[in-house]
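The values are calculated or read from the model by the stated rules, or taken from the named source; none is laboratory data. Just so it is clear, the model here is predicted, and its values are computed rather than measured. All Cβ positions, glycine included, derive from the backbone under ideal geometry; neighbour counts span all protein chains shown.
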Amino acid sequence: MKGFHFEKDLSHQKQAVESTIAVFENLPIIPINNPEKNYANPIIDYHQQQYKRNITQIQTENQILQNSTLNTQNSYTNIIDIMMETGTGKTYTYTKTIFELNKKFGIFKFIIVVPTLSIKAGTINFLKSESCREHFKEQYGKTLHLHIVESQKSNKNKKSYLPPAVSSFVNAGNFEKNTIQVMIINAGMINSDTMQKSFDKSLFDKYTVPFDAIAATNPFVIIDEPHRFAQNNKTWENIQKMKPQFILRYGATFHEYENLIYTLKAVDAFNRNLVKGVIGHITEFESGKNAIVKFIDSDGKEATFELIENNHHKTIKLSKKESLKRIHPEMDALTIENLNKNTVVLSNGLELKKGDKINPYSYAQKLQEIMIQKAVEHHFQIEKQLLTREIKIKPLTLFFIDNIDEYRNKDGYIRKTLEQCIKKQIEHIKSEIESLLNTQNPDANVGMQTKASALNTQNYQNYKTLLEKALQDVSATHAGYFSKDNTEKDEAIEKEINEILHDKEALLDMNNPRRFIFSKWTLREGWDNPNIFQICKLRSSGSEISKLQEVGRGLRLPVNEFGNRVKDEQFYLHYFVDFTESDFVDKLVNEINQKSGAISIEQIPEKLSEQMIKKICELYHKTEEQLLEELDKNNIITRTNTFKQGGFNYIKQNYPLIFEGVNSNKIRKATDPKKKVTIRT
């Protein structure tokens, strides 16, 4: 694959860009008269009634309820919020916004602030990619010049200089007509001493502190993942030292909104087919249904656990480095890595607080073997379907594991089990294809074959060739990335890491046998690949984390062999979990609906909720008193707002606009009956 091809005018991205640009329409531009005027952005004056009018009009057009989202006390702030759900092209959207702001208003200096190094790496990979550069150069005739702020090695014996990225960013002038200057910095660097201390060599003969030099450029700041930058923390305080002219915040989650001008909620992303649907595969394990291990207490030297199995209770004390096999034989691979009076850290990285529970059987090798078998078998079912099409799509499967050695070691249990399953499935699929090709006997029936059937035969022949190549070296079908890999020098592992982290095109090349990726949640943020069709979670989680965040790595719509996004079909991410997460699908649906402020039309509630009342009043211009009087008169609810028989149906029939929950065919269990799917065109 030569590279991804981006679409110029996806409606949801276009609307987000246009909404952002509209904020600045008809605002006066203040001329700069100081000596650094050629090195700074023009100043857009937002201390005007027009600024507020612009925001109000945009919110009205985008059906954003001001009273529930806009902090009216801060309606003159320089913060603009754009809410976009994971997988819908947030990075593309703010990149296009950069080009539009430059084209419309001459803004040429931007700072992208990201929370972590992994997100920073993903952002850099996107902006540096040949596909991205060519795509925007074709539209705007310009490219981005990236200035990446990195940590510096101390140099005690020589004069100190400002960080190179800061110097090059500040010194770039508006006479560089074909480039837009973009500085990329992570939260750790923003909070570092490097950005705040004074250096020997100055910029423009007066700025010796990086923050001061940056502030002189009147930058536009873009914040990725705003929920990681609370306004009461140190990072936000340091961002203000760069004196951003405007702050554009892009994310799926916010602590609170300032000037919210665009929303693409999780419900909309799923229902409009902007992301894959999700099918949950729950692996049952009868032995584990009546067992639990609970972390009771710790004195800092010994941790006390309670095992409850088949109504029998047993208390065990363990010290550092002791095996959890003493608690239960299925946990023989786990030890206590560290502990204090409140927390126990296990050898798999799992952190337990007092009261946390884990199921010992979720660590059973037999359970993991079953899950690997299911995931591999299902992968090849998907692969056979997608790689025998006229225009092919290469699927990938991502495994999350907790025992790295069992994967990295050639004799490790996970590795051996995986390769045995892969070999078995490839041989099975290959045999199926050979039988199919023999049945068709294309050589004997050339005259009878239609063009379509001949093409299909060739597709199966080509796929058979790919399977044969994979059989020659099964170890090449999988790869892993773990944080500890960064400290080890192994050429083969380095190649794997480069493919996984930096070369999506190589990973999706049809001639690359790589299909399965392993990690230890290291890829949970800042990384994604559009062709992840399966995630298999071979680990037990002792604490609750966002289910939407868990599936986020695989939600993007896939690209075909030519790098084009495929958006006219319903695709699914298949998510494999063990029996301890049998409620995974329900939790994911509830999280999406709750996060989106949505009310499900399919889940029948007992009572008329405050949320329903509020939505009805807002959308149908009623007062609460009028609504409750109507429902009482029609015998719909009791005095405690409990629905009487048929009451909820009355709400559905008379107030349909309040229902916007995620459709049940978008997220479901593998065991649920399939429903008719409407394809978006």
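Here region 4-52 is the region considered, the condition is being of a type in the set (S, T, Y) and under 29 Å from R272 (Cα atoms), and the residue that is surrounded by the most Cβ atoms within 10 Å (Cβ to Cβ) is T20.
Can you tell me which residue among Y92, Y46, Y39 is touching a Cys at 6+ places or on another chain (Cβ under 9 Å) and either modelled with pLDDT of 95 or more or farther than 30 Å from K614 by Cβ (or both)?
Values: Y46 fails: touching a Cys at 6+ places or on another chain (Cβ under 9 Å); Y39 fails: touching a Cys at 6+ places or on another chain (Cβ under 9 Å).
Just one listed residue meets the conditions, Y92.
Residues that are touching a helix residue (DSSP H, G or I) at 6+ places or on another chain (Cβ under 8 Å) and either of a type outside the set (A, V, I, L, M, F, W, C) or not in a loop (DSSP other than H, G, I, E, B) (or both) within region 13-30 comprise Q13, A16, V17, S19, T20, I21, A22, E25, N26, I29, listed in sequence order.
State which residue is surrounded by the fewest Cβ atoms within 10 Å (Cβ to Cβ) when the search covers only region 534-589 and only residues that are among the acidic types (D, E) and modelled with pLDDT of 90 or more.
Step one: filter region 534-589 for residues among the acidic types (D, E), giving 544, 550, 561, 568-569, 578, 581, 583, 586.
Checking the rest, the ones that are also modelled with pLDDT of 90 or more come to 561, 569.
Details: E561: 16, E569: 12.
For region 534-589, the residue satisfying everything is E569.
Considering region 590-602, and only residues there that are more than 21 Å from the chain's Cα centre (by Cα) and of a type outside the set (G, A, S), the residue that is modelled with the lowest pLDDT turns out to be E602. Restricting region 329-383 to residues that are of a type in the set (V, I, T) and within 29 Å of the chain's Cα centre (by Cα), which is farthest from E302 (Cα to Cα)? If we take residues in region 329-383 being of a type in the set (V, I, T) and within 29 Å of the chain's Cα centre (by Cα), then I382 is farthest from E302 (Cα to Cα). One residue stands out among those in region 185-202 that are buried (at least 22 other Cβ atoms within 10 Å of the Cβ) and not in a helix (DSSP H, G or I): the one that is nearest to the chain's Cα centre (by Cα), which is N186. Residue count for region 79-118, restricted to those that are more than 25 Å from K8 (Cβ to Cβ) and either among the small types (G, A, S) or assigned to a helix (DSSP H, G or I) (or both): 2.
Determine, yes or no, whether H145 is assigned to a strand (DSSP E or B) and modelled with pLDDT of 90 or more. Yes.
Here Y620 passes the criteria (1) out of contact with any strand residue (DSSP E or B) (no Cβ under 9 Å at 6 or more places or on another chain); (2) without any contact (Cβ under 8 Å) to a residue 24 or more places away in the chain except the one numbered (2). Listed by first and then second residue, the pairs linking a residue in region 1-22 that is in contact (Cβ under 8 Å) with a residue 60 or more places away in the chain and over 24 Å from K265 (Cβ atoms) to a residue that is surrounded by 15 or more Cβ atoms within 10 Å (Cβ to Cβ) and among the hydroxyl-bearing types (S, T, Y), with Cβ atoms under 7 Å apart and 6 or more places separating them unless they lie on different chains, are G3/S129; G3/S131; F4/S131; H5/S131. The one condition from (1) in contact with a strand residue (DSSP E or B) (Cβ under 8 Å, 6 or more places away or on another chain); (2) part of a loop (DSSP other than H, G, I, E, B) that I292 does not meet is (2).
Given the structure, is K652 buried (at least 17 other Cβ atoms within 10 Å of the Cβ), of a type outside the set (S, T, N, Q) and part of a helix (DSSP H, G or I)?
Values: buried (at least 17 other Cβ atoms within 10 Å of the Cβ): no; of a type outside the set (S, T, N, Q): yes; part of a helix (DSSP H, G or I): yes.
No, not satisfied.
Restricting region 340-375 to residues that are in contact (Cβ under 8 Å) with a residue 60 or more places away in the chain and among the polar types (S, T, N, Q), the residue that is surrounded by the fewest Cβ atoms within 10 Å (Cβ to Cβ) is N348.
Residue-by-condition table, conditions (1) under 16 Å from A476 (Cα atoms); (2) surrounded by 22 or more Cβ atoms within 10 Å (Cβ to Cβ):
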position: E377; (1), (2): no, no
position: Q385; (1), (2): no, no
position: F399; (1), (2): yes, yes
position: R408; (1), (2): yes, no
position: R415; (1), (2): yes, no
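Taking region 203-227, which residues are acidic (D, E) and under 35 Å from the mean Cα position of the chain (by Cα)? Break it down into steps so the answer makes sense when it comes.
So in region 203-227, the residues acidic (D, E) come out as 205, 212, 224-225.
Answer for region 203-227, where residues must be acidic (D, E) and under 35 Å from the mean Cα position of the chain (by Cα): D212, D224, E225.
Checked against (1) more than 27 Å from the chain's Cα centre (by Cα); (2) outside any loop (DSSP other than H, G, I, E, B), V182 passes all but condition (1).
Kindly indicate whether Y250 is in contact with a helix residue (DSSP H, G or I) (Cβ under 8 Å, 6 or more places away or on another chain), within 20 Å of I21 (Cα to Cα) and in a strand (DSSP E or B). Yes, satisfied. The residues of region 325-339 that are over 20 Å from K520 (Cα atoms), in contact with a Pro (Cβ under 9 Å, 6 or more places away or on another chain) and buried (at least 16 other Cβ atoms within 10 Å of the Cβ), listed by number, are I327, H328, E330.
Quick check, is G288 surrounded by fewer than 22 Cβ atoms within 10 Å (Cβ to Cβ) and closer than 30 Å to S596 by Cα? Criteria not met by G288. Only one of the listed residues (I433, I517) is under 26 Å from A333 (Cα atoms) and modelled with pLDDT of 80 or more. That residue is I517.
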